[in-house]
Amino acid sequence: MQDNATASGACAPHLLETPMPSSTNQILIGCPLRLWRHSGPFARLVVVICLLLTVHAYLPTLRADFVAQDQWRAFRYSTLPGSGPARAAQCMDSVAGFYLFTGRPLVWLGECAEHAAVARIDDFAPLRPLALALVLISVLVVGAALSMLPGGFPTGVAAAAALATAPGFSFMYMQSLTAAMVLVSLALAAASQASLCRAMPEANAPGQLRQVRVGTALALFLASCLMYPAWAFCVLPLCFAEFCLVPARPLRRRLLRLAVQLAFFFIAAMLYYVLGTLAAWATTAVLGSMPAGEAYQLSMRLDAATLAQRATDAARQLVMAPPLSFDLPAGALPAFLIPPALILARTTRRQTGLGAPGTAALGAGTWLLGCILLLGSLSPWLFSRMEPLYTRHTLAAALFFCVGAASLPGLLLPPRLAHADKLAPLLTLLALTLPAALSQHALSRLETQVSGAEIAFLRKELGQWLDAKGWETTRRVLVVLPSAQRPREAEAWLEGSPRAGENAVLASSQNPVSIPWMLKAVLRERTDHPLGADVLMIPCDDSALCADMVATRTRHVALSIVGPDAPMARCPVSNAFVIDFRLLTQRPGTRTGQGQELEDMHK
């Protein structure tokens with residue numbers, strides 16, 4: 001049966017009658033294409049539906065002008081837009097050292113490309129299809145790496161499409177090209193693990209070709225780490241899936257392959273750490289100072305008590321937080337590691353005649369191993385100095401969940417059931433991918449509405465100041481930060497659910513440093529003012545003395561930024577124009593375009 005041809009996974013050598021090309025480009029693209037050619041009409045239909053569901057999940061982002069949190073950095077250079085090449089050069093000067101210091105020297109490429117193309121807020125929209133194309137490529141590559149799942153390649157693509165709705169994944173997609181290299185890092189990690197699988201002795205490849213594949217796997221994994229280490233560790237759930245789900249392989253050989261893969265990626269991770277540490281040291285030496293705070297420094301915490309506390313906090317979050325875009329009961333993530341463990345135990349029992357106690361012990365031990373690898377997939381955060389564990393650090397954990405959920409049909413369906421190879425991807429599509437895509441569609445719409453409400457509010461408020469020629473009459477602008485991370489209507493719609501993660505939040509609530517960039521973006525939309533040319537807007541943070549000196553002794557405008565509970569917010573200084581973002585979070589019914597849509601959505 002043709003649809004069953006891919007059931008043994010992307011690493012199975014008998015699926016590929018000709019050797020896989022060894023170049024990086026051919027590994028990334030050739031493997032899904034070859035699996036596609038080996039698939040029947042039904043499998044191809046499932047793959048196409050999964051890709052369409054992924055597009056549907058993010059369709060609202062293609063229809064609206066909005067700016068995600070990190071994208072505001074595109075406006076940090078000057079009030080006047082300048083030229084694209086000039087913005088790209090400024091971007092490289094400002095971020096290259098920072099990312100080199102933090103161990104991510106390749107991640108800035110997409111950000112600087114976006115900054116070169118974006119001069120106004122509406123310039124982001126034409127770039128979002130490029131980010132969505134990277135999402136679709138990642139789904140295919142990860143799906144190919146997961147084709148050892150019951151049902152083969154289409155089930156793998158269905159699981160990968162569900163992964164694309166994880167809060168951490170959607171956060172990166174929302175940043176568009178700013179996070180393009182992060183999206184690429186996932187595909188590189190999946191291709192690295194697949195290349196290593198095909199270098200194993202079972203591949204029956206010539207020794208020189210196996211060496212090339214090992215070198216390719218190392219290069220791809222290092223490149224993934226140099227983009228975003230947290231996503232490079234998605235190789236761990238892929239190793240666990242290959243260990244549990246590839247059929248017709250003795251347990252001893254499974255254990256040997258898993259040990260080899262884990263040792264390989266451990267050594268590769270240590271090599272990355274050594275190279276990254278040397279690069280960070282060199283960057284500090286050249287610049288004469290640290291280009292970022294200690295929290296961003298590429299250095300490991302090895303204090304046992306600190307590691308134990310961080311591991312406990314991470315385990316608690318993994319148990320409580322939903323891994324995908326829809327709500328799940330607490331404990332769903334570790335519970336869904338049980339199906340692949342039971343499949344391995346059942347397969348081993350059939351191969352060896354293992355008794356019931358031994359089978360139960362093997363299943364329990366495999367589940368415990370999965371839990372250990374699950375926690376180990378957070379190593380880039382566990383050993384770092386970053387304090388909060390964000391959803392973008394837990395994508396590997398979400399991939400563990402997708403592996404477990406997509407393997408459940410293989411556990412429940414009788415092996416001799418007719419068309420079981422078609423039922424497995426169909427059930428995964430209906431029970432996992434479809435609800436995840438529908439839920440993410442609503443969250444994508446919420447993201448655009450929250451950002452749209454914030455932009456509309458800022459345009460309205462700053463427009464009043466510009467209409468009154470405030471740079472002449474009111475040369476103090478006071479910005480009060482919001483008192484919550486989302487508008488009240490958005491919080492009411494979510495009903496306390498954590499499924500949105502760090503998405504659909506007001507950018508002004510997450511990073512106060514972006515306030516001047518937001519003002520510059522709005523100022524660029526109007527030409528009836530001298531801001532950026534003859535008159536500058538001088539950031540004074542919360543310093544009243546700075547604001548007084550700028551307003552009274554210069555011809556420029558003082559910009560003060562204070563928290564929602566600051567004394568200056570409760571009693572604003574005289575002769576200051578106040579932009580109070582608390583109005584978005586403290587009262588319903590913001591009558592500013594997208595804000596009205598938020599209220600209607602809640603109703």
The condition of being hydroxyl-bearing (Ser, Thr, Tyr) and more than 25 Å from GLN71 (Cα to Cα) holds, among THR552, THR527, only for THR552
Those residues of segment 480-507 which are part of a loop (DSSP other than H, G, I, E, B), open to solvent by less than 10 Å² (accessible area, probe 1.4 Å) and among the small types (Gly, Ala, Ser), in sequence order | ALA500, ALA504
Within segment 298-305, can one find any residue that is at pLDDT below 90, within 21 Å of the chain's Cα centre (by Cα) and either of a type in the set (A, V, I, L, M, F, W, C) or over 30 Å from ALA159 (Cβ atoms) (or both)?
-> yes
Within segment 460-479, is there a residue that is of a type in the set (Val, Ile, Thr), closer than 22 Å to PRO539 by Cβ, open to solvent by less than 10 Å² (accessible area, probe 1.4 Å) and not in a helix (DSSP H, G or I)?
-> yes
When only residues in segment 376-415 that are surrounded by fewer than 18 Cβ atoms within 10 Å (Cβ to Cβ) and under 24 Å from LEU146 (Cβ atoms) count, which is modelled with the lowest pLDDT?
-> PRO415
Mind checking which pairs have a first residue in segment 536-559 that is among the hydroxyl-bearing types (Ser, Thr, Tyr) and a second that is surrounded by fewer than 20 Cβ atoms within 10 Å (Cβ to Cβ), Cβ under 7 Å, 6 or more apart or different chains?
-> none
Per-region count, segment 227-251, residues over 27 Å from MET270 (Cα atoms) and either part of a helix (DSSP H, G or I) or not assigned by the TED database to the domain that holds ALA269 (or both) = 2
Looking only at segment 188-220, count how many residues are buried (at least 24 other Cβ atoms within 10 Å of the Cβ) and either within 17 Å of the chain's Cα centre (by Cα) or outside any helix (DSSP H, G or I) (or both).
-> 4
What about ALA223, is it open to solvent by less than 50 Å² (accessible area, probe 1.4 Å), modelled with pLDDT of 95 or more and farther than 26 Å from THR155 by Cα?
-> yes
Over segment 137-173, the set of residues assigned to a helix (DSSP H, G or I), of a type in the set (A, V, I, L, M, F, W, C) and under 9 Å from the mean Cα position of the chain (by Cα) is PHE169, PHE171, MET172
Write out, first by first residue and then by second, each pair whose Cβ atoms fall under 7 Å of each other, whose residues are 6+ apart or on separate chains, and whose first residue, in segment 189-216, is in the same structural domain as CYS239 (by the TED database) while the second is in a loop (DSSP other than H, G, I, E, B) and modelled with pLDDT of 90 or more.
-> ALA189/CYS234; ALA190/CYS234
Kindly indicate the residue of segment 563-582 that is modelled with pLDDT of 90 or more and over 30 Å from the mean Cα position of the chain (by Cα) and also least open to solvent (accessible area, probe 1.4 Å) among those meeting that condition.
-> ILE579
Give the residue that is nearest to ALA191 (Cα to Cα), with candidates limited to residues of segment 112-140 that are open to solvent by 10 Å² or more (accessible area, probe 1.4 Å) and in contact with an Asp or Glu (Cβ under 8 Å, 6 or more places away or on another chain).
-> LEU127
Kindly provide the set of residues from segment 526-540 that are surrounded by 13 or more Cβ atoms within 10 Å (Cβ to Cβ) and either hydrophobic (A, V, I, L, M, F, W, C) or under 17 Å from ARG76 (Cβ atoms) (or both), ordered by number.
-> LEU531, GLY532, VAL535, LEU536, MET537, ILE538, PRO539, CYS540
Residue list for segment 17-46, restricted to those being open to solvent by less than 40 Å² (accessible area, probe 1.4 Å), closer than 20 Å to ARG198 by Cα and at pLDDT 50 or above | CYS31, PRO32, ARG34, LEU35, SER39
Residues satisfying the stated conditions in segment 118-140, i.e. more than 30 Å from LEU434 (Cβ to Cβ) and touching a residue at least 60 places away in the same chain (Cβ under 8 Å) = ALA119, ARG120, ILE121
From LEU328, LEU307, which residue is closer than 30 Å to ALA279 by Cβ and open to solvent by 30 Å² or more (accessible area, probe 1.4 Å)?
-> LEU307
Scan segment 248-256 and give yes if some residue there is within 21 Å of LEU395 (Cβ to Cβ), aliphatic (A, V, I, L, M) and open to solvent by 20 Å² or more (accessible area, probe 1.4 Å), otherwise no.
-> no
Residue pairs within 6 Å by beta carbon, gap of at least six or interchain, first lying in segment 141-156 and open to solvent by less than 10 Å² (accessible area, probe 1.4 Å), second hydroxyl-bearing (Ser, Thr, Tyr) and in a loop (DSSP other than H, G, I, E, B), listed first then second, are PHE153/SER39; PHE153/SER147; GLY156/SER147
Evaluate segment 94-103: report whether one residue or more is open to solvent by less than 50 Å² (accessible area, probe 1.4 Å), at pLDDT 95 or above, assigned to a helix (DSSP H, G or I) and not basic (Lys, Arg).
-> no
Sole exception among (1) open to solvent by less than 50 Å² (accessible area, probe 1.4 Å); (2) closer than 25 Å to SER299 by Cα for LEU109, by number | (1)
Counting just the residues of segment 421-441 that are open to solvent by less than 30 Å² (accessible area, probe 1.4 Å) and of a type in the set (Gly, Ala, Ser), which one comes out nearest to GLU489 (Cα to Cα)?
-> SER439
Residues that are basic (Lys, Arg) and part of a helix (DSSP H, G or I), drawn from segment 58-93 = ARG73, ARG87
In this structure, does SER185 turn out to be at pLDDT 95 or above and either under 21 Å from the mean Cα position of the chain (by Cα) or not in a loop (DSSP other than H, G, I, E, B) (or both)?
-> yes
Per the filter on segment 348-364, residues under 25 Å from ALA397 (Cβ atoms) and open to solvent by less than 40 Å² (accessible area, probe 1.4 Å) are LEU362, GLY363
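The values are calculated or read from the model by the stated rules, or taken from the named source; none is laboratory data. Please read all numbers here as calculations on a predicted model, not as lab measurements. Every residue, glycine as well, gets a Cβ built from its backbone with ideal geometry; the counts of neighbours run over all protein chains shown. In case anyone asks, the SASA skips ligands and DNA or RNA and just uses the protein heavy atoms, side chains included. Shrake-Rupley method; radii C 1.70, N 1.55, O 1.52, S 1.80 Å.
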